[in-house]
1. Could you order peptides 299-308, 25-34 by the average number of other Cβ atoms within 10 Å of their residues, highest first?
2. Between LEU390 and ASN233, how many nm apart are label points set 7 Å from Cα along the C-beta direction?
3. Using a 1.4 Å probe, what is the accessible area per residue for the chain, in Å²?
4. Just grab the label-to-label distance for ASP149 and THR55, each label 7 Å out from Cα along the Cβ direction, in nm (one decimal).
5. Which whole number in µm²/s is D for the stretch 94-252 by Stokes-Einstein, with the Kirkwood Rh taken over Cα pairs at 20 °C and 1.002 mPa s?
6. Which order do the peptides 268-280, 356-368, 82-94 come out in when sorted by mean C-beta neighbours inside 10 angstrom, highest first?
7. Checking a compactness column here: for the stretch 289-404, what do you get for Rg(Cα) / (2.2 N^0.38 Å), N being the number of residues?
8. Tell me, what % of the accessible area of the chain is carbon and sulfur with a 1.4 angstrom probe?
Amino acid sequence: MPEQKADDQSILLPVNDSGSSISCVRSLGKHDIRTIAISEHRDRPAFASRYCDETIIVPSPYDDLIAYKDGLLSAAERTDVHTIIPHREMDSYVLSKYQAEFEEHVVPLWPSFENVRIVHDSLRMADAARAAGIPTPETWSFEDVEDWDRELIVKPRYSILTSDYVSSLSPSDCEGKMDPVYIPPNTEPDLETIQAEMHKSDSHIPDHIPIVQEFIRDTRTEYGFRGLCDDGNSVLTCQKRQVRGTTYAGGASVFRETMRDPHIEELGRTLLEHLDWHGLASVQFLRDPESGEYKFTEINPRVWASLEMDVLAGADFPYAHWLLATNNADRIDPDYDVGTGNHLLIGELQYLWSVLRDEYPLVERPRFRRALWDVLSSCYDHPHFDYIHLDDPGPFARGVLNQLPIGGRSTGQVAGE
């Protein structure tokens, strides 16, 4: 760990378009911590926040992962930068893989490369969860499935694709997150067709063999345990119940509420302690509707998209990250309010659009009038949104402009970042 300097008062934030980037900038700025937002795009909504003190443009990790790493490292070498908060899967990957280079300049408050490799690999992560005594859905490599007679879901094996995960890629290559595919009973899908649907690009990656999991019917209600850890010890935690996702089958969270369940607390802490986790993590669970048992699905080794909910409830993870990185963990407030809800407004529109147009063979479509009422009533009961803050309107205005033809981004945007 580098020696702390008196002028180390800045934090480096590799931001994306999600509300979590804006939440980080706002939280830290309100605590008089200087924020430096870094991205490959000049029109990130977080750049427009009144709490963003400086912006830096770097190469896109999707164009050249090594060049992106070098851009992050160049910013980290500044004497005023004390630590970095990873926001995307490639941030955790780059920071952990090249930790020896970064830790010469900043406090490395992120997981080890071995742990990142585990959580990015669904097969290895399922094995690790079972070793920790955590209930996990049955999981196989696609090529090992012998029985397609039940409800199953096909997912990418890796959270992102890099040369450490698939040999057909070079060290400069990086493929983003891919969508799962729902498989009805008695249907054996074609592997190449599944690969093409997942990658959604012209590149064919034959050595990325997806996984297959048993389908847990209540996929729409996802539960999350969020933790900030110091070598396996959770110093701040919070829990989330996802009420709606971007589709009626689930997906990224668009309406969520804080909750507290001792079973989730025990499962989350046990798993992160088993991994000797360092830094931020979001541990995801689904609840089996028949047994009531929580089953582990994945860990995100970074800031999670619905961070604004935690901050609103009092679990200020960005500020806690700073306190832990500056040896002030004793000042972290562990309490948070239960029942705090907030929305991703554009995500609510995506949900309603999904109700109108999508087809998921394993999930019953809700009636549109009921779905619309649920969205409107919850917005009335919980009038809190990821982007919209009256004292900081810039990110929302920038986000709207990005969606218009006159202000939209021409290249490089990756859906679902």
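The values are calculated or read from the model by the stated rules, or taken from the named source; none is laboratory data. A quick note: this is a predicted structure, and the numbers were derived from the prediction, not measured. Virtual Cβ from ideal backbone geometry, glycine too; neighbours counted across all protein chains shown. Protein only, heavy atoms only, side chains kept; ligands, DNA and RNA dropped before computing areas. Shrake-Rupley method; radii C 1.70, N 1.55, O 1.52, S 1.80 Å.
1. Working: 299-308: 25.9, 25-34: 19.0.
Result, highest mean first: 299-308, 25-34.
2. 4.2 nm
3. On a per-residue basis, 43 Å².
4. 5.8 nm
5. In µm²/s, the coefficient is 120.
6. 82-94, 268-280, 356-368
7. Relative to the rule-of-thumb radius for its length, the stretch 289-404 sits at 1.35.
8. Carbon and sulfur atoms account for 48 percent of the accessible area of the chain.
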